[in-house]
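Reading through the structure tokens given below for one structure.
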Amino acid sequence: MIGSRIDGRYEVIEAIGGGGMANVYRARDVILERDVAVKVLQPQYTHDEAFIRRFRREAQAATSLIHPTLLTFMMLVKKIRRFTSWNTLVVVHKKKIVREGALPFQEVLQIFDQISSAIAYAHDQGIVHRDVKPHNILLDEDGTVKVTDFGIARAASAATITHTNSVLGSVHYLSPEQARGGAVTLKADIYALGVVLYEMITGTLPFDADSAVSIALKHLQEKIPNAKVLRPDLPESMNNIIRRATVKDPLLRYETVHDMLHDAETALLPERMNEAPLELDDQSEEETKVLPVLSDQQSSEETIVAPSEQTGQEENDAKANEPKKKVKAAWLFPLLAFLIIVPTALVLGFMVIPSWFAVDEVQVLMCWYELRRSRAVVRRETDRYNAEYHDEVERDVVYYQDPRAGRNVKVESAITLRVSDGPETVEMQDLTGVRMRLIFRNTLDVETTSEPSDEQPPGYVISQTPESGEEVIQDELSVQLVYSETPQMTLGDLTGSSEQAVRNYLESHQLSGTFDREYSETVPEGQVITHEPGPYVTIDEGSGVTFVISNGEPPVEEEETQTRYAEIPVNVTDPEAGQSYDIRIEFTDRTTGGDPEIFVEEEITESTEYLVPFEVSKSIPGTYTLYINDEEMQSNTLEFEED
């Protein structure tokens with residue numbers, strides 16, 4: 001298929017997708033010089049004349065749908081294969097959900113509005129899609145939605161009974177009535193739209209299982225999970241739309257897609273966002289259901305088809321093949337006259353004559369998606385304009401309009417728009433010149449930096465972001481403040497400097513100082529012993545430094561003293577014999593400074609008694625030593641006597 005040219009016009013470039021009924025290729029329209037998507041039926045359908053006949057009839061019905069959000073296509077019939085050629089190539093919506101996950105609420109409603117408009121328009125034309133899913137929803141680069149595959153599943157439903165005998169639709173988006181093989185109405189599309197809305201909001205499918213049968217049973221027997229569990233910030237108004245659209249009983253769902261669309265248009269109004277959860281008495285959930293045959297090998301993503309009763313068109317086809325009964329010529333001319341005159345009268349009565357008096361109609365513009373539009377432009381298009389604060393919708397975005405986009409209204413009719421003013425704002429106060437310690441950081445998200453400044457004293461705000469007077473959102477406010485810092489310097493080593501040299505240093509460096517004094521046995525009097533902060537420490541200009549100045553050596557403390565006496569007798573046993581002795585007495589006391597001094601040194605020939613005085617204190621006793629002929633003969637210590 002790749003490289004071939006279809007109908008002499010479409011040159012196939014690459015395969016871009018496929019399913020159980022057809023494959024999709026990217027091709028080049030060599031006449032209009034643009035890329036197109038070509039859907040080619042699977043081989044098993046190309047020779048099934050019943051299928052081809054129904055496919056052609058349903059595709060022709062789809063081509064009659066003209067709407068901004070419907071993907072227009074034409075059907076070409078070839079001898080070998082049948083295919084449809086779309087006029088554009090866009091991105092499948094399913095890929096966007098897989099890539100981005102849960103989408104923002106505003107974007108969800110913008111996409112959903114376009115999808116619902118397309119489905120509602122088709123329903124108005126009597127066509128039920130039957131296979132609404134993200135795979136059949138296409139987005140272009142500007143976010144414009146195109147809904148495709150109208151009528152294709154419907155065409156397959158009757159012709160494929162002998163192939164699969166399975167249910168109609170993609171099982172993840174299957175309504176309970178489709179799963180049980182019941183009659184399929186527009187309520188099935190409403191159910192599928194609810195599932196698509198759930199998937200856009202949460203980024204995941206409500207039901208999943210290992211087989212298509214299990215998923216279908218969940219759609220029959222289980223409630224759709226609460227989307228707020230996965231998305232706690234989901235407005236209850238949007239959650240209620242999912243609840244009503246996906247209720248098991250079709251009678252409890254929205255009557256029409258128009259009703260569902262109108263509900264979605266007002267979902268982000270402030271008065272609706274916190275409305276009460278919707279409670280629906282759906283008794284059908286617990287009933288036992290009987291499913292048609294589903295294959296476990298059937299892909300849960302693939303569109304699968306079901307047996308259906310013979311349609312009215314088939315009956316007409318059958319009747320057309322029966323032998324026609326002869327009509328008597330007598331009745332022929334009156335019948336022809338009746339068939340010509342009556343329709344002509346009806347046309348004149350309902351179309352031509354009223355048009356003489358009718359007021360021209362125009363189509364309402366789609367204002368919802370025109371982001372950041374000028375308010376002046378909006379005012380020129382409507383005389384009903386309401387601007388309201390809105391926490392979820394960006395400023396200057398139209399989030400509600402009545403009538404909605406795509407409806408026809410009389411010329412000069414009023415259009416009501418609600419435009420978001422964004423979240424409510426307050427005026428930013430002026431913080432410049434305020435002392436930093438006075439700013440309440442517990443009520444503000446504050447980031448601070450500092451820099452030297454001559455404009456403000458140290459510790460005061462120099463500048464701020466946001467600026468004073470700027471409109472800000474209180475709950476999202478984050479403030480950046482720049483405050484003045486004090487210049488810094490490195491303190492020199494002033495130990496050993498004189499007091500006067502220190503004072504000169506302090507004055508030249510704009511510092512202040514305090515001076516303490518103490519005795520030191522190592523630092524001369526008048527010099528710096530130490531200072532705090534110490535040498536080479538970085539300090540702010542204007543800081544204070546404490547110095548300790550030496551008072552010199554500490555004074556000697558005066559102790560209480562006593563005078564003690566020692567009587568030292570020296571006996572000469574035989575003075576007449578002419579003997580002589582060399583006497584020397586050494587002593588220490590407070591007066592000798594710890595070194596012994598000689599009290600007496602002489603030669604004696606007779607007995608002599610020496611009385612030696614000592615000046616003693618509590619810390620310094622008196623001592624003496626007696627030497628006779630240079631030989632120590634006696635020593636003693638005299639202590640301070642307490643009273």
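The values are calculated or read from the model by the stated rules, or taken from the named source; none is laboratory data. None of the values given here were measured: they were computed from a predicted structure. When we count neighbours, we look across all protein chains shown, and the Cβ atoms used for this are built from the backbone with ideal geometry, even at glycine.
Going by the structure shown, is Lys248 within 18 Å of His172 (Cα to Cα), over 25 Å from the mean Cα position of the chain (by Cα), part of a loop (DSSP other than H, G, I, E, B) and not acidic (Asp, Glu)? In short, yes.
Across the stretch 79-138, the qualifying residues are those that are within 35 Å of the chain's Cα centre (by Cα) and of a type in the set (Asp, Glu), and the one among them that is modelled with the lowest pLDDT is Glu100. Please specify each residue of the stretch 493-528 satisfying the condition of being on the phi > 0 side of the Ramachandran plot and either at pLDDT 95 or above or among the small types (Gly, Ala, Ser) (or both). Selection gives Gly496, Gly526. For the stretch 433-440, check the following and say yes or no: at least one residue is more than 28 Å from Ala122 (Cβ to Cβ), assigned by TED's automatic domain parsing to the domain that holds Glu470, modelled with pLDDT under 80 and touching a Leu at 6+ places or on another chain (Cβ under 7 Å). Yes: the stretch 433-440 contains one or more residues that are more than 28 Å from Ala122 (Cβ to Cβ), assigned by TED's automatic domain parsing to the domain that holds Glu470, modelled with pLDDT under 80 and touching a Leu at 6+ places or on another chain (Cβ under 7 Å). Only residues that are surrounded by 13 or more Cβ atoms within 10 Å (Cβ to Cβ) and touching a residue at least 40 places away in the same chain (Cβ under 8 Å) were counted in the stretch 596-612, giving 2. Of all the listed residues (Ala216, Ala192, Ala209), the sole one being farther than 30 Å from Gly422 by Cα, in contact with a Lys or Arg (Cβ under 7 Å, 6 or more places away or on another chain) and not in a loop (DSSP other than H, G, I, E, B) is Ala192. For Ser635, the requirement of being out of contact with any Lys or Arg (no Cβ under 8 Å at 6 or more places or on another chain) and over 30 Å from Ser520 (Cα atoms) is met. Scanning the stretch 600-643 for residues that are in a loop (DSSP other than H, G, I, E, B) and β-branched (Val, Ile, Thr) gives Thr605, Ile620.
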